[in-house]
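What follows is a single structure, written as structure tokens, with notes after it.
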Amino acid sequence: MEAYLSNRDGFSVFRCGDHVVRFRAPYSLERYTRVKEWNNGYLVVDAKYRHNSQDEEEYIDLVPILKDLYFDPTSFLAPIKEVKIDYD
């Protein structure tokens, strides 16, 4: 199964199947540009920020976010094999 990462209106958006998880993004984030690594809830991505002309490496740990939203991270994340950047 694939999942998708994007950002909109000050939030990061993680989509997987019928689920959409939104969480606060850094204030100067313009967009995510590349997923470098996916490790069962931990993402390493490149991101473009307003204050820098170069992409910067960013780290996202979805496990505590999912727990705060009362998801079971183990069962939610297990089927995800790949995460892609997707801006509709």
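Net charge near residue 54, counting Lys/Arg +1 and Asp/Glu -1 over other residues with Cβ under 10 Å of its Cβ?
Around residue 54, the charge tally is -2.
Quick one: net charge of residue 43's neighbours, Cβ under 9 Å, K/R +1, D/E -1?
Charge balance in the 9 Å sphere: -2.
Using the Kirkwood radius over C-alpha pairs as Rh, can you work out the diffusion coefficient of the chain via Stokes-Einstein at 10 °C, viscosity 1.306 mPa s, in µm² per second?
120 µm²/s
Run the numbers for residue 34 and residue 88: contour at 0.36 nm per residue of separation, minus the present Cα-Cα distance, in nm.
Numbers: separation 54, 0.36 × 54 = 19.44 nm, distance 1.53 nm.
Roughly 17.9 nm would be gained on extension.
Given an 8 Å cut-off on Cα distances and at least 6 residues of separation, report the relative contact order of the range 2-85 as a percent.
28 percent
Separation between the residue 44 and residue 56 pseudo-spin-labels, each 7 Å from Cα along Cα→Cβ, expressed in nm?
Distance between label points: 1.8 nm.
Read-outs: derived from the displayed coordinates by stated rules, not from any lab. Predicted model only: the values in this text are computed from it and were never measured. Positions of Cβ are backbone-derived with ideal geometry, glycine not excepted, and every protein chain shown enters the neighbour counts.
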